[in-house]
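Data block below; observations after.
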Amino acid sequence: MTPRNPLRAAVSAIRPRLEGRTPRVAIVLGSGLGGLSSRVTESVAIPYAEIPGFPPPTVEGHDGRLVAGQFGGQQVLMQSGRFHMYEGHDAATAALPVRVMAELGVTTLLLTNAAGGINAGFRPGMLMLIRDHLNLTGRSPLVGKVVPGDTRFPDMTEAYDRGLRQLAHAVAQEQGIELVQGVYAGLLGPSYETPAEVEMLERMGADAAGMSTVVEVIAARARGVRCLGISTITNLAAGRSRQPLSHVEVMETANRVRDQLGALIAGIVGHANFGK
Ligand code: HPA
């Protein structure tokens, strides 16, 4: 049953489970990255089934739990398993974990995802720091009555925080990881794009395309949460290679660069000042 106030119900269920932990940074784990949550130490895991309003995930490669504990020398909250709108969830449900984490005290959000490379310089396995996004889902988690704690008209000028992006570049350089930067186009899915759509997206200024992240970032900005986004370029977008696209390829590439992305995230978390 969906609770009448899913945000309050979820927060009330989770808070006692944190046993006094006060994470200021949260990490949303995208396709193939769920395993990173096993690197959290002194951890507590809360399965989605035990959180009111959190539906069970339906996509392979996404499990469903929040994990709180130590990572990169900080108290973190990891969201392992997303609610995608292509699963039939509305934008508010897709953004529910973000609002919940903000309500629990999170001030900084690191989001990861898998994306198809549109930029001609991109190759599968590259990591792309999201400089900005195009919300092409046709949905927003802010439509309707203002959720208490949200602002009605959030500014999106620096949706992806400049300071965090500079830090990400510095950490990548220190670790010898190539980190390109680009614009992420968020689409509803679940079909991949047609080659004509990929051409359209390129003309619109997109460097990569995916099916998540944008509504989460909108909800985060409505609550003043700073965001950083990193896409794993898991494949070339449709029409950019001879091969047809497949979820198997997406997962294989995501798994291949998982450790590198994990190290980058740990480095960013370790160096950032999250304001206690
Ligand atoms: N398009 C949209 N979403 C994706 C892709 C893609 O090519 N690859 C991984 N997620």
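The values are calculated or read from the model by the stated rules, or taken from the named source; none is laboratory data. Remember, it's a predicted structure, so these values are computed and weren't measured experimentally. Cβ sites come from the backbone with ideal geometry, for glycine too, and all protein chains shown count toward neighbours. Heavy atoms of the whole protein, side chains included, go into the accessibility calculation; ligands, DNA and RNA do not. Shrake-Rupley method; radii C 1.70, N 1.55, O 1.52, S 1.80 Å.
For this structure, a couple of remarks:
- Amide proton proximity set for Gln181, modelled H, under 5 Å, gap of 5+: Leu129
- For the range 193-276: accessible area per residue (Å², 1.4 Å): 42
- Across q = 0.13, 0.19, 0.20, 0.22 Å⁻¹, the range 131-240 modelled as identical point scatterers on its alpha-carbon atoms has Debye log10 I(q)/I(0) values of -0.56, -1.04, -1.11, -1.22, in the order of the q list.
- Only protein heavy atoms count here; under a 1.4 Å probe, Arg82 has an accessible surface of about 10 Å².
- Cut-off under 5 Å, modelled amide H: who pairs with Ile27 long-range: Leu77, Met78, Gln79, Leu110
- Mean ellipticity per residue at 222 nm, deg cm²/dmol - from DSSP H runs of n ≥ 4 across the chain, formula -39500 (n - 2.57): -8500 deg cm²/dmol
- GNM remark for the chain: springs join alpha carbons under 10 Å apart, and the peak mean-square fluctuation among His133, His89, His169 falls on His89.
- Nonpolar atom fraction for the chain, defined as the carbon and sulfur part of the 1.4 Å probe accessible area, stands at 51 percent.
- The range 183-275 - charge dipole about Cα centre, Lys and Arg +1 at Cβ, Asp and Glu -1, debye rounded to 20: 300
- Charge dipole (Cα centre; +1 on Lys/Arg Cβ, -1 on Asp/Glu Cβ; no other charges) of the range 6-271 amounts to roughly 540 debye.
- Convex hull volume of the chain per residue (C-alpha atoms, cubic angstrom): 117
- In plain terms, the chain from Ser241 to Arg17 could stretch by 75.9 nm, reckoned as 0.36 nm per residue minus the Cα-Cα distance.
- Solvent-accessible surface of the range 94-166, taken per residue with a 1.4 Å probe and all protein chains present: 42 Å².
- Here the peptides 19-29, 135-145, 220-230, 120-130 are ranked by packing, the mean other Cβ count within 10 Å, and the order with the highest first is 220-230, 19-29, 120-130, 135-145.
- DSSP beta bridge pairing in the range 6-271, given as percent antiparallel to the nearest 5: 35
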